[in-house]
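The values are calculated or read from the model by the stated rules, or taken from the named source; none is laboratory data. Values in this document were obtained by computation on a predicted structure and should not be read as measured data. All Cβ positions, glycine included, derive from the backbone under ideal geometry; neighbour counts span all protein chains shown. For the accessible areas, the whole protein counts, side chains as well, though only heavy atoms, and no ligand, DNA or RNA atoms are used. Shrake-Rupley method; radii C 1.70, N 1.55, O 1.52, S 1.80 Å.
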Amino acid sequence: MSEPDRPTFDIAVPSTDPEKKDQDKPQPNGNGDVKGKGKDDGKEDDVADMSEEDLQLKAELEMLVQRLKEPDTNLYLPALESLRTLIRTSTSSMTSVPKPLKFLRPFYEEMGKIRDGWDEGLKEQRSLLASILSVLAMTYSDTGKRETLFYRLLSGTTEAPGLWGHEYVRHLAAELGEEYNSNYASELDTDLGGIDKPEGLKYTTEQLKTLSLELVTFFLKHNAEADAVDILLELENIQDIVEVTDDKNFERVCRYMVSCVPLLVPPDDSAFLETASKIYAKYDRYPEAIALAVRLNSPSLIRQYFEAPKNPVMKKQLAYFLARAQIPLHWVHTAEGTESEEEEQAPTQEEDVLDCLGNVKLSTHFKNFGKAVGVEEPRALEDIYKSHLEPNRTTQTADSARQNLASTFVNAFVNAGFGNEKLMVNAAEGQSWIYKNKDHGMMSATASVGLSLLWDTESGIDHIDKYTYSPEEHIKAGALLATGIFHAGIRTESDLAYALLEEHVDSKSLSLKLSAINGLGIAYAGSGRKDIAEKLLPHVADETNTMEVAAMAALALGFVFVGSGDGEIASAILQTMMEREEAQLASEWTVFICLGLGLIFLATQEDSEPTVATLKVIEHPIASIAETIVDVCAYAGTGNVLKVQQMLHLCAEHAEKPKKETPNGDAAPVSAEGEGPAAAAVADAEGDVNMSGESTAQPITAPAAGEASASSATEGETEDKDKEDKDKVDSLKYQAFATIGIALIAMGEDVGAEMALRQFQHLMTYGDPVIRKSVPLALGLISASNPQLSILDTLSKYSHDSDLDVAINAIFAMGLVGAGTNNARLAQMLRGLATYYAKEADCFFMVRIAQGLVHLGKGTIGINPYFNDGQVMSRTAVAGLLATIVSFTDARKFVLDKHHWQLYWLVTAMYPQFLITLDEELEEKPVTVRVGQAVNTIGLAGTRHGISGFQTHQSPVRIGTGERAELGTNEFFPYQSVLEGLVILKKNEQYDAEDLQN
């Protein structure tokens, strides 16, 4: 049966194939198909296969070329114009060469010689023939000569290149970029004039740039904004695009330029931002222009765009944006009676604009937002812990003071900004939670009042005043820190925080001094105030101060002058590092001096290079830590691939393993970071980590008698060796900051951030302990307040790691990733961890902190440093996040010891995740808005929706990380295109008329 079937099947397939082949045979030569090019030896066949029409065209073209050879010069111009007309009017399919170009191809070289033989006087004819040769050169097989460009510039024609078609323009643009890159880019360093022709080259740079602008004009008219920007980028001439944009295409041009910035190297990235901001300003789009000026951190541009709009309402909208970005007030405002050192003094602003600039009404708006979304009622601790849902609940073994301390933080984080929680602010007389803590716990408890009353300066002062007179020093210190906390990001005219804290900076009491210094740092983060520098610099320079005081003063200065690149403060900190003795530099606090220095150069890129060069001179191991921190801070959020590679290279170095072995054959135990006896986790013989409760210096089970005697016998012999090993591991501490640095650099750009996640997996697998415990922190930084499923699962795995330091950091990172999201999956994971670590005090404490962070502000406050649709990085937010993360590189000496108040550094990163719409009188105005996942529409054709899967709400609404909002109707026009934070609306007067027509 199969035999007769098979032939019929075989015949069925080829039966059509031969027919197709027969039909197709003449086509390659007849219709100008590219595939038909190769038959040079079969010209007679080609001619026979051509249609009559094609033969006629071929003959006509050959006749026109023949005319160009004749001695009568009057025939040249009509022949050339006929050639031009035939080429321009020819049409072809996408895969074929136009027929006139195909038929003229054999005459290409001949026509070039004809032109060279013509007299110089025939200018018009020579120019036109050069233009035709330029078009013919597209199909000519000789590559590398770039003759399309050569003949185009040789022709000297003024007609637009677009008349020859889109393909010609693209070909010309490609050759133009190649020519410039291969011959001119390197020459321009020495060719300062820019117009002179470098030796041995055919054209001047001016010729190339003039041609590029002609091409750009064509591209912009034909919706090819990306091509226009790309050609100017290749010719390093992007600033010229400002003149050729119009009101129809400027927005697409700017959006494409801004999206390119993370992929560019300096100085192109700054040039793109500056050019885009000028285009926006040209078309009165000041909110977008000032956002780019903030990214550039340019005081002159910010002031220029802030003063430009004549509309006072627009000025208030810009003021709200600058308040969110926390730029120094003196950049745009000079208080009456003060003298500025700057040449051009900023004008004095109106009082209502100052209120917007100072974020004075933020607390009121936030509380109203809380009421609107139904979360104004205080949340009890049990609502967060949900202990009844924790499986196999066991009785707690940890001491109650530690539990109470955890509850203090959870209560403060969850009810942050609402000022109505019942443990502290609204506690009955004498029932305050403060007294349920002891010693340093009292300080954190008092400071938590500041977090509960976040941004509410008036109520804050009233509530905290009584604690400043307390005889208990820790409570008084906590009150000073609280004063700084509730002033975070708020700039009031009365300037109470400075008045209340400055006298305590010189206090004899260490705890009061540290609290006052940190309070100033948190309250005035990003303000760049010189009076604070004058107050704190002596404490950095004074060698009689402990490293703790010097480090906190340096860090506070880093907060206040974050991203300023202030050379005076940087040199003062450097001087301290050089003058201190080695023993002092070995202190665990020195890392905060390095961080203070790094924050000054946050996102300043090359400005940090002199400081990095100076650090190389210091011989102490701390110099490599400082160098790494300054380097990563300088490139924060840039996505700079070379810096990421450099950090990965640092992470690849390994400490030499100790040669001496313990009697059971394992290497002598070395603490994870070489902290010596103070290290909390001591590895047992099998490499497991201490899981005990309070006492962290001893393993869970007592060692066997034989092991104990063996270890005591070798203790004396290995002491020196252990010290040596400690130094080796200590010298690699900078790897922790290199790991965090990868996240810091990559977090500004989606593709880079995704690639970094892959690298972290490798580092976790192959890295030393110092790297392994930093990877979770890096994950927390790269995805703050953005709980992506893959990252949650990774952190969940790390939170069960056998090394408790890794587990603790992973739990904290889970808090950072879910901060202010109320993420149910994450809350469930943390409840499971609370059971898992019920008997391990440090881990259990950290689980509680993470639970508090996940419910930050009852789900209304986020800590993601990016705002304005993820376009602008808040330097103060990065400073707070980094400071907290750096303290967790050695958690057992800081947060898990007596310095848990360092968690309050996160305050500078906290900001409400809301959209509140206001009318022109700045009163809240509920309108219909759509909120959905942001969609990237850059470079796509047409006008597309920027959001997908949206839901319609009445404002105010919550806008989470990665979400975007649009107005639901045309009833109002927003003053700012990005609907986020406080947005002022303008009534659309035509709206009713439109409504009636419908």
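Quick look at the numbers
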quantity: Estimated dipole of the range 449-608 in Debye, rounded to 20 [Cβ of Lys and Arg +1, of Asp and Glu -1, Cα centre]; calculated: 240
quantity: Probe 1.4 Å - accessible area at residue 924, Å² to nearest ten; calculated: 70
quantity: Residues with amide H under 5 Å from that of residue 334, placed H, sequence gap 5 or more; calculated: 348, 349
quantity: Relative compactness, the range 49-165, computed as alpha-carbon Rg over 2.2 N^0.38 Å; calculated: 1.03
quantity: Ranking by accessible area, most exposed first, for 544, 590 with a 1.4 Å probe; calculated: 544, 590
quantity: Relative contact order for the range 833-983, counting Cα pairs under 8 Å that sit 6 or more residues apart, in percent; calculated: 21
quantity: Tensor-based shape of the range 487-610 (alpha-carbon gyration tensor, a/c under 1.5 rounded, otherwise prolate or oblate); calculated: oblate
quantity: Whole-Hz ³J(HN,Hα) from phi, Karplus 6.51 cos²θ - 1.76 cosθ + 1.60, for the range 471-476, glycine and proline x; calculated: x, 6, 4, 5, 5, 4
quantity: Residue 72 paired with residue 296, simple spin-label distance in nm, labels 7 Å along Cα-to-beta-carbon; calculated: 6.3
quantity: Probe 1.4 Å - accessible area at residue 973, Å² to nearest ten; calculated: 100
quantity: Positive minus negative residues near residue 789 (Lys, Arg vs Asp, Glu; Cβ under 14 Å); calculated: 0
quantity: Distance between modelled label sites at residue 948 and residue 116, nm, 7 Å Cα→Cβ extension; calculated: 5.8
quantity: Tensor-based shape of the range 194-311 (alpha-carbon gyration tensor, a/c under 1.5 rounded, otherwise prolate or oblate); calculated: prolate
quantity: Candidate residues 911, 140: accessible-area rank, largest first, probe 1.4 Å; calculated: 140, 911
quantity: Long pairs among 361/530; 278/310; 69/123, criterion Cα-Cα beyond 20 Å; calculated: 361/530
quantity: Vicinal HN-Hα couplings computed from phi for the range 278-291 (Karplus, 6.51 cos²θ - 1.76 cosθ + 1.60; Hz; Gly/Pro x); calculated: 5, 5, 4, 5, 4, 9, 6, 9, 5, x, 5, 5, 6, 5
quantity: Distance from the range 866-912 to the range 921-974 (C-alpha centre basis), Å; calculated: 30
quantity: 975, 305, ranked by accessible area, largest first (probe 1.4 Å); calculated: 975, 305
quantity: Gap separating the Cα centres of the range 731-762 and the range 814-843, nearest whole Å; calculated: 24
quantity: Sum of side-chain charges, residue 824 neighbourhood, beta-carbon under 13 Å (Lys, Arg +1; Asp, Glu -1); calculated: +3
quantity: Burial ranking of peptide ranges 780-786, 307-313 (average Cβ count within 10 Å, highest at the top); calculated: 780-786, 307-313
quantity: Alpha-carbon centroids, the range 154-168 and the range 599-623: separation in whole Å; calculated: 52
quantity: Added length on full extension, which subtracts the Cα-Cα distance from 0.36 nm per residue, residue 242 to residue 494; calculated: 86.4 nm
quantity: Solvent-accessible surface (1.4 angstrom probe) belonging to residue 67, in square angstrom, nearest 10; calculated: 80
quantity: Residues whose placed amide H lies under 5 Å from that of residue 911, excluding near-sequence neighbours; calculated: 862
quantity: Burial order of peptide ranges 436-443, 513-520 (average beta-carbon count within 10 Å, highest first); calculated: 513-520, 436-443
quantity: Gyration tensor (alpha-carbon) shape descriptor, the range 267-378, a/c threshold 1.5; calculated: oblate
quantity: Listed peptides 447-458, 944-955, 145-156 by packing density, highest first (mean Cβ within 10 Å); calculated: 447-458, 145-156, 944-955
quantity: Computed log₁₀ I(q)/I(0) - Debye formula, equal Cα scatterers, no solvent, the range 537-603, q 0.16, 0.26, 0.29 Å⁻¹; calculated: -0.42, -1.08, -1.31
quantity: Surrounding net charge for residue 612, when Lys and Arg each add one and Asp and Glu each subtract one, Cβ distance under 9 Å; calculated: -2
quantity: The range 150-173 residues near the modelled residue 181 label - backbone nitrogen below 15 Å, point 7 Å along Cα→Cβ; calculated: 171-173
